[in-house]
Amino acid sequence: MRKVSRLSRFNVASLALGLAFLYLPILILVIYSFNASRLVTVWGGWSLRWYHEFFNDRAMIEAAWMSFRVAVSSATIATLLGTLAAVALSRGERFRGRTLFSGMLYAPLVMPEVITGLSLLLLFVALNAERGFWTVTIAHTTLTMCFVAVVVQSRLGSLDRSLEEAAMDLGCDPVRAFLSVTLPLIAPAIVAGWMLAFTLSLDDLVIASFTTGPGSATLPIRIYSEVRLGVKPEINAICTLVIALIAVVIVIASLASKLSSSQGESAAPL
Amino acid sequence: MTDELPRTGAAADAAGGDALPAAGQPLLRIEGVAKTFGTFRAVDGVSLDIKAGEFLALLGPSGCGKTTLLRMLAGFEAPDEGRILLGDKDIAQALPHERPINMMFQNYALFPHLSVRDNIAFGLKRAGMARADIAARVAEMVALVKLEGLEKRRPDQLSGGQRQRVALARALARRPQLLLLDEPLAALDKKLRENTQGELMELQRRLGMTFIVVTHDQEEAMTMASRIGVMNAGRLAQVASPRELYEAPRSRWIAEFVGDVNVFDGETRLRDGHRLVIGTRDAGTLVVAEPREPVGAGKFSIAIRPEKIKLSRRAPVSEVGRETTINIIDGVIADICYLGGTTTYKVKLDTGGIVRASVANSARLDVDAYSVGQQIVAWFTPDDCVVLPS
Amino acid sequence: MSSRRIFARPARFAAIAPYVWMALFFLVPFAFVLKISLSQTAIAQPPYEPVFDLTAGWDALRAAFAALSIDNFKLLVSDDIYVFAYVRSLTVALTATALLLLIGYPIAYGMARLPKSWQAVAMVLVIVPFWTSFLIRIYAWINILQHDGLLNQILLALHLVGQPVVWLSTDSAMYIGIVYSYLPFMILPLYATLAKMEPALEEAAGDLGAPPWQVFWLVTFPLSLPGVGAGVLLCFIPIVGEFVIPDLLAGSNSLMIGQTLWLEFFTNKDWPVASAAAIVLLLVLLVPLLLYERLQKRQLEQGR
């Protein structure tokens with residue numbers, strides 16, 4: 001017996017409109033990045049002119065490189081710390097300071113960025129730290145490790161605990177059981193966490209504005225100052241490149257997690 | 001037979017054709033084990049000896065503590081009280097990976113990221129076996145559970161029955177002294193379950209291993225186990241062979257839990273040699289055989305299995321003589337339940353009580369069957385009755 | 001001891017590094033915000049006084065403590081600009097959250113009713129825009145909403161309007177931007193609860209004689225309330241402190257508190273007032289933040 005579809009016409013319409021709303025603006029932006037006309041809204045034929053412009057814009061390229069470096073390093077540190085935090089929260093049972101710990105991890109998820117940014121800057125000033133690459137990286141790590149922790153924790157929570165018991169039953173001590181069974185099984189979530197951290201860092205304007213120093217602007221800071229002066233076709237090109245980069249990251253990461261899940265135990269770290 | 005595993009158990013020796021440990025020496029001794037979760041006493045002072053080579057079933061309703069007891073043997077829970085002796089060593093507080101005991105999990109807990117081969121080899125690698133020995137052992141296990149050709153599959157590419165076999169092979173691979181099985185057949189459908197029961201018994205006999213299986217299915221326990229421990233509310237209510245459990249239950253609760261039963265409450269009227277005469281409210285005066293351990297006067301419950309009760313249109317001849325006394329009660333057929341192999345009749349007694357009688361359908365065409373409303377006589381012998389403390 | 005406890009011992013060691021990190025870079029900074037909110041601006045580096053200098057000796061430290069005051073907070077409460085900014089932030093956040101719920105619910109509901117295999121696809125489709133940069137998405141709307149932008153071109157071509165409508169620098173543009181940016185945050189928790197719901201419940205309600213709209217209001221909606229709560233908090237809290245969207249899309253005559261804070265900090269270089277504004281914002285958001293924490297905890301730590 002086949003189940004009758006539960007979709008009503010209203011459901012279909014709201015889905016279609018919703019997705020159109022989400023995608024059309026981005027699509028339009030991408031299309032106009034190939035516009036030959038200087039006027040952003042007049043179609044002047046296909047052209048790569050604005051991409052050339054971008055690649056000759058040294059300041060913009062430098063900002064993009066800075067953003068990329070910050071995103072890679074902060075995402076990597078955040079993935080390490082966030083995964084450790086998730087393990088402690090989902091496998092540590094009760095321990096002293098647990099409530100404070102989970103509080104500190106969940107609050108930044110919704111905390112307005114102006115608050116996080118300002119407070120970190122004041123810390124860096126008080127510590128007399130030189131502001132630039134490292135301060136932004138630390139700030140982004142602080143924000144994004146919370147997202148990693150949540151992603152990994154929810155995967156750990158849904159994992160069948162009897163798999164870990166089976167590993168112990170078959171001769172693993174707890175650490176060994178974690179490394180040979182749990183870790184390979186949560187690897188996709190860890191990869192997803194890294195991707196999320198990477199894009200959040202690449203994306204952030206507010207926290208970076210507070211915590212960076214003179215001469216080390218990130219890409220969003222540059223884009224923001226250009227956008228405030230009005231729409232420029234070059235910005236469309238940059239945005240398209242960023243979207244393409246993120247798309248590549250998503251594809252690579254999902255391929256990697258698929259690959260790791262189709263290999264045997266040899267793929268496991270131990 | 002050379003064996004790389006440091007913790008080779010009696011079972012491995014048995015498989016190699018060697019002798020079992022000295023008779024009378026239990027493999028595992030559980031002594032006054034108790035476990036409390038919060039305020040709930042899940043296991044409440046259980047003592048039990050498990051002999052090498054036996055197939056023991058722990059049977060009981062859900063929440064009776066059987067799974068907790070099993071998990072304490074595996075090392076996933078530590079008892080609050082009592083000792084668990086394996087040989088002379090108390091392993092009650094040992095961690096799971098330190099015990100020569102393996103477990104087959106209810107949901108199998110197969111590692112989804114590993115192939116059948118790697119699942120089976122998992123425990124062997126942890127024991128530090130040489131590569132070639134692991135390969136040989138895995139091949140042996142695969143053959144044992146008839147999974148040849150599926151070694152490279154992943155758990156999600158297997159059927160339920162195949163998964164069950166992988167779980168079994170994985171748990172057996174380390175040649176544990178004791179194999180624990182937590183509801184091993186619960187996830188299989190009925191036909192497959194019956195076949196697998198037979199295979200498990202055959203395997204256990206062939207390997208000469210000691211199995212402890214937890215189940216809530218009494219038919220399964222009866223079929224497979226040589227001994228059954230019935231648990232209720234954290235305690236062992238009775239440990240006995242399947243036949244003894246069914247025919248000589250120790251309490252009313254066990255009689256009602258294992259199989260179907262008619263119970264009449266009554267009081268001793270008379271003691272006549274090894275016969276007791278008991279007056280009941282529902283079934284009048286009954287003559288029953290005195291139990292093995294003599295009982296005093298007082299209130300008792302009389303339990304009679306439905307298949308021990310015979311039905312006929314007219315009362316059989318019952319001499320008042322000792323050996324041939326028959327208990328006869330009159331009633332009316334109130335309900336008929338045809339079950340294929342047997343038919344269960346509900347007989348309404350004149351006193352208002354109900355008796356269930358199960359009759360084998362030995363003939364295909366039963367032209368002479370009883371019908372609802374028909375006056376009838378139900379009868380049974382004193383030896384069919386079990387006297388239980390009230 | 002249970003197997004969970006056996007596992008817990010090494011797992012707790014994993015907490016050390018993230019714990020120290022978060023304490024140092026999340027908790028401790030608030031002490032500095034608090035301290036500076038009680039200081040005065042100065043034309044110096046750093047631009048506030050007093051500056052605590054542990055090497056200056058005990059008396060200097062005492063003097064520094066004595067120089068702290070709550071003047072900045074008095075200013076925030078007495079000056080209309082700040083009060084208006086807080087009120088406007090809350091109004092905008094409430095309105096936008098209501099809009100988001102109104103728009104997000106039907107989409108999440110539609111997703112939950114898709115065949116199982118399609119649900120995963122729909123989920124990816126909703127998440128992907130979230131992966132593309134926030135700033136880029138706002139910028140995309142500037143493209144569309146500007147004076148000679150696509151929206152006005154379409155409206156003119158359809159003769160719906162006689163001359164271009166001013167969209168940019170209006171509240172409508174800001175609401176469009178907020179809804180657009182936060183929509184996935186509303187849809188995902190809603191979808192999560194709706195997808196988990198047993199379809200038999202709706203069927204049972206229908207079987208018992210409820211027409212579809214009653215089935216929705218009496219069964220579906222009440223059961224989806226945890227998702228509604230999560231979605232509302234996930235949107236409301238950050239929107240209150242939002243800076244980028246109102247800055248780029250709304251007019252500059254009435255500011256939200258995030259903008260005011262930014263202005264005080266970057267333009268006026270008044271760090272103490274900005275810090276005080278942050279503290280007040282944190283207090284305003286304390287209750288929803290705690291609610292959110294509880295929700296998040298319950299969701300991630302069920303079965304404990």
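The values are calculated or read from the model by the stated rules, or taken from the named source; none is laboratory data. Keep in mind that this is a model prediction, so the values were computed, not measured. Heads up, the Cβs are rebuilt from the backbone with ideal geometry, glycines too, and the neighbour counts pull from every protein chain shown.
A few remarks follow.
- Reported count of residues in the stretch B:79-103, each being within 14 Å of chain A (Cβ to nearest Cβ) and either of a type outside the set (K, R) or on the phi > 0 side of the Ramachandran plot (or both), is 10.
- Only strands (runs of 3 or more DSSP E) whose full extent lies in the stretch B:259-326 are considered here, and the ones with at least 3 residues that are farther than 25 Å from B:V230 by Cα and either assigned by TED's automatic domain parsing to the domain that holds B:D350 or modelled with pLDDT under 90 (or both) are B:262-272, B:275-280, B:284-289, B:310-312.
- A search for C-beta distances below 6 Å between a residue of the stretch A:55-72 that is over 16 Å from A:L143 (Cα atoms) and any residue that is of a type in the set (A, V, I, L, M), counting only pairs 6+ apart in sequence or on different chains, returns A:A63/A:A217; A:A63/A:L219; A:A64/A:L219.
- A:G45 being more than 11 Å from chain C (Cβ to nearest Cβ) and modelled with pLDDT under 90: yes
- Taking residues in the stretch C:249-270 that are farther than 30 Å from C:P50 by Cβ, and partners anywhere that are crowded, with 23+ Cβ neighbours inside 10 Å and among the acidic types (D, E), the pairs with Cβ atoms closer than 7 Å and at least 6 places apart or on different chains are C:M256/C:E242.
- Residue that is surrounded by the most Cβ atoms within 10 Å (Cβ to Cβ), among those in the stretch C:260-276 that are assigned to a helix (DSSP H, G or I) and more than 9 Å from chain A (Cβ to nearest Cβ): C:A276
- Within the stretch B:36-92, the set of residues being surrounded by fewer than 16 Cβ atoms within 10 Å (Cβ to Cβ) and among the hydroxyl-bearing types (S, T, Y) comprises B:T36, B:T39, B:S47, B:S62.
- Near pairs, Cβ below 7 angstrom, 6+ apart or cross-chain, from the stretch B:325-350 (touching a residue at least 60 places away in the same chain (Cβ under 8 Å) and closer than 20 Å to B:T285 by Cβ) to any residue that is surrounded by 17 or more Cβ atoms within 10 Å (Cβ to Cβ) and of a type outside the set (A, V, I, L, M): B:L349/B:D282; B:L349/B:G331
- Failed item, numbered, when A:V151 is tested on (1) touching a residue at least 12 places away in the same chain (Cβ under 8 Å); (2) within 14 Å of chain B (Cβ to nearest Cβ): (2)
- When residues in the stretch C:17-59 are screened for being more than 8 Å from chain A (Cβ to nearest Cβ) and among the β-branched types (V, I, T), 5 of them pass.
- Among the residues of the stretch B:104-122, those identified as under 16 Å from B:F76 (Cβ atoms) and facing another protein chain (nearest Cβ under 7 Å) are B:F105, B:N107, B:A109.
- Selection within the stretch C:14-58 - at pLDDT 80 or above and assigned to a loop (DSSP other than H, G, I, E, B): C:A14, C:A15, C:L38, C:S39
- Leading residue by the ranking (farthest from the chain's Cα centre (by Cα)) among those in the stretch B:204-224 that are aliphatic (A, V, I, L, M) and modelled with pLDDT under 95: B:L207
- For A:S180, the conditions (1) at the interface with another protein chain (Cβ under 10 Å from one of its Cβ atoms); (2) in a helix (DSSP H, G or I); (3) among the small types (G, A, S); (4) closer than 26 Å to A:W50 by Cβ are fulfilled apart from (4).
- Residues that are in contact with a Gly (Cβ under 7 Å, 6 or more places away or on another chain) and within 18 Å of A:L24 (Cβ to Cβ) occur in the stretch C:169-190; there is at least one.
- Taking each residue of the stretch A:41-53 that is more than 15 Å from A:V231 (Cα to Cα) and of a type in the set (S, T, Y) and looking for partners that are surrounded by 12 or more Cβ atoms within 10 Å (Cβ to Cβ) and modelled with pLDDT of 85 or more with beta-carbon atoms closer than 7 Å, six or more apart or interchain, yields A:S47/A:F34; A:Y51/A:A237.
- Of all residues making up the stretch C:88-133, the number that are within 17 Å of the chain's Cα centre (by Cα), of a type outside the set (G, A, S) and loosely packed, with under 14 Cβ neighbours inside 10 Å: 1
- Condition check for A:G103: under 29 Å from C:V284 (Cα atoms) and either surrounded by fewer than 20 Cβ atoms within 10 Å (Cβ to Cβ) or among the basic types (K, R) (or both): yes
- Members of the stretch C:157-184 that are touching a residue at least 60 places away in the same chain (Cβ under 8 Å), within 14 Å of chain A (Cβ to nearest Cβ) and part of a helix (DSSP H, G or I): C:A173, C:Y175, C:I176, C:G177, C:I178, C:V179, C:S181, C:Y182, C:L183
- Selection count, the stretch C:113-141, where residues are of a type in the set (G, A, S) and more than 9 Å from every other protein chain (Cβ to nearest Cβ): 2
- Qualifying residue in the stretch C:289-303 (condition: buried (at least 22 other Cβ atoms within 10 Å of the Cβ) and either in contact with a Pro (Cβ under 8 Å, 6 or more places away or on another chain) or more than 7 Å from chain A (Cβ to nearest Cβ) (or both)): no
- Checking each residue in the stretch A:92-141 for being free of Cβ contacts under 8 Å to residues at least 60 places away in the same chain, more than 14 Å from C:G241 (Cβ to Cβ), among the polar types (S, T, N, Q) and within 8 Å of chain C (Cβ to nearest Cβ) picks out only A:S102.
- Within the stretch B:39-70, the set of residues being aromatic (F, W, Y) and more than 16 Å from the chain's Cα centre (by Cα) comprises just one member, B:F40.
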